[in-house]
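Heads up, the thing below is written out as structure tokens.
No lab work stands behind these numbers, since they all come straight from the coordinates. Being a predicted model, the structure only gives us computed values, none of them experimental. Ideal geometry is used to build each Cβ from the backbone, glycine not excepted, and the neighbour counts take in all protein chains shown.
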Amino acid sequence: AAIFKTAGLAEPIFAHNGAEATEKVFTAILNEANIQIMQGMARALIVIDEVDEYEGKLPSQMRTFIDAHPSVQFLCTTNYINKIKPALKSRFRVIEVKRPMNIDWTDRALEILQSEGFSLARLDVAHLLQNFDGDARDLIDLLEEYILAAQTSQMLGAHS
């Protein structure tokens, strides 16, 4: 852990959010990459979430960084691939990850509901999600609404 403090890193996670990036991001990335390589990795791995949020000069600076530092590889995420400038996108292998279908969320939704004290059958949860067409954040919102409605209904029933 001391090596991370020396490098000015809070913790050994080499991930950045594109929406929060400043012009200093590539200095931090280079420091993080050097730490990984010093620890024996042949190539450093840096994660950038929401790389499409890079604005201003950051996309061209990233392109230059990639060209200048072949020992650093990036794993970048985006919900909007078309927002990434073609000159930068050409340096990546694009892998599309399809959004899960609503039935794919059933087990996760069941776990969440059980952790909140609800005992529902898997079929009931699947029914709850039959018209669901969203992402993970939307799922959380839907389940929160369900939980709040059920709790409100219980409270009203207890006061009747």
**Report entry** Separation in nanometres of the label points that stand 7 Å from Cα toward Cβ, at Ala15 and Asn34
**Finding:** 2.5 nm
Query raised in the report: Among all the lysines, which ones have a C-alpha under 20 Å from Lys98's C-alpha, if same-chain residues fewer than 8 places away are not counted?
Result: Lys83, Lys89
Report task. Mind giving me the FRET efficiency for Val47 and Asp138? R0 is 22 Å, r the Cβ-Cβ distance, nearest 0.05 is fine. Result -> 0.40
Report task. Using only the Cα atoms of segment 2-89, construct the convex hull and provide its projected area averaged over every direction, in square nanometres to one decimal. Result -> 5.5 nm²
Query raised in the report: Thr152 versus Gln130, label points 7 Å from Cα toward the beta carbon: distance in nm?
Result: 2.4 nm
Report task. For segment 99-110, take each phi angle, set θ = phi - 60°, evaluate the Karplus expression 6.51 cos²θ - 1.76 cosθ + 1.60, and give the result in whole Hz per residue in order, putting x for glycine and proline. Result -> 5, x, 6, 4, 5, 5, 8, 4, 4, 5, 4, 4
Query raised in the report: Once the piece of chain linking Thr22 and Arg93 is laid out straight, how much longer is it, given 0.36 nm per residue of separation minus the C-alpha distance between them?
Result: 23.1 nm
Report summary line: In vacuo Debye sum over C-alpha of segment 102-158, base-10 log of normalised intensity I(q)/I(0) at q = 0.12, 0.23, 0.26 Å⁻¹, listed in q order, is -0.26, -0.90, -1.10
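If the convex hull of the alpha-carbon atoms of the chain is projected onto planes in all directions, what is the mean projected area in square nanometres?
Details: hull surface 55.8 nm².
With every direction weighted equally, the projected area is 13.9 nm².
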Query raised in the report: So how tilted is helix 136-158 from the main axis of the chain? Cα-based, degrees 0 to 90, rounded to 10.
Result: 30 degrees
Query - Computed over segment 51-137, the ratio Rg/Rh where both radii use C-alpha atoms and Rh is Kirkwood - result: 1.21
Query - Using alpha-carbon coordinates, inclination of helix 25-38 to the longest axis of the chain, degrees - result: 80 degrees
Requested in this report: For the chain, find the longest principal axis of its Cα atoms and tell me its angle to the long axis of helix 58-68, 0 to 90°, nearest 10.
Outcome: 50 degrees
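Below 8 Å between Cα atoms, with a sequence gap of 6+, how large is the relative contact order for the chain in percent?
Values: 135 pairs, mean separation 25.1, N = 160.
Relative contact order for the chain comes out at 16 percent.
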